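Below is one structure, written out as structure tokens, with a few remarks after it.
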Amino acid sequence: MKLTRGFTLIELAIVLVIITILIGGLAVPLTAQIQARRIAETKKTLEEAHHALVGYVMSHPSTTNPDKPYLPCPDTDGDGRENRPGDSCTNADGWFPWADLGTGSQDAWGNRLRYSVETREYTDRSKGLPNLALLTPPYATLNLKRICRSSACTSFDAIYLPAVVFSHGPNGWGARNINGNTLSNPTSTDELENTNGDATFVSRTPTQAGHASGEFDDLVVWISDGVLRSRVCPDGGCP
């Protein structure tokens, strides 16, 4: 009679170790693919928000001059609607008013988009877009934004911006999620710069926690005065 030999415990253990290594090797690329897809989705949502801002300006003339439209106010209470008790905004910083503008309500990680805008001129319903040609740089009367490559702002990518929209990225530090909960504050100076309510914002290459320049994964887009005017009045007729 021929005996059938089975696996020993050692052989089974070796097989399990090999399977675990193979699964682990597949899991890392899969996680990276999921993260890359979420980043791409969020960039698309930010692009839609950018287009929605332009569309809003094109369809909202000021109450005193039909040739001078204005930008929407931030959402400051989390309902997706701009907070504008009168002609002016409640606050210059808040969340993107997705319900009013008909865009995505969140990024790919379930957090609201942040929105910061110059409120004294660009969002005032009775004034509309200011004529920067009549003002003297650095436009001290306006709270115009700038995009820097670090919180120190020794170099920048854009200046004199009416509005900035951004996602807090994969780590979500400082974000407000769709349940209305605010997550822990950022620990890096560059991510903190995007939440402190001033005119400076950081947009740069992402880095992991422990990096010399600190953790950073915010996704930032902005809209310039020139883009607004080229879309609203392409014939150069803006006042």
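Every read-out reported here was derived from the displayed coordinates using simple, explicitly stated rules and does not represent laboratory data. In this text, all values refer to a predicted model and were calculated from it rather than measured experimentally. When we count neighbours, we look across all protein chains shown, and the Cβ atoms used for this are built from the backbone with ideal geometry, even at glycine.
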Separation in nanometres of the label points that stand 7 Å from Cα toward Cβ, at CYS153 and ASN177: 3.3
Helix 9-59 axis, angle to the chain major axis (alpha carbon atoms, nearest 10°): 10
Net lengthening on full extension, HIS60/ALA36 (0.36 nm per residue, minus Cα-Cα): 5.0 nm
Mean Cβ neighbour count within 10 Å, used as a protection proxy, ranking 35-43, 88-96 highest first: 88-96, 35-43
Exposure proxy order (Cβ contacts within 10 Å, fewest to most) of PHE216, PHE156: PHE156, PHE216
Within the chain, percent of DSSP bridges classed antiparallel, to nearest 5: 85
Where Cα atoms sit under 26 Å apart: lysine pairs in the stretch 11-232 separated by 8 or more or lying on different chains: 5
Pair ALA99, ILE14: separation of 7 Å Cα→Cβ label points (nm): 6.4
Among 49-61, 71-83, the order from most to least packed when residues are scored by Cβ within 10 Å on average: 71-83, 49-61
Burial ordering of LEU30, LEU101, fewest other beta-carbon atoms within 10 Å first: LEU30, LEU101
Whole-Å distance, taken between Cα centres, linking the stretch 87-108 and the stretch 145-184: 14
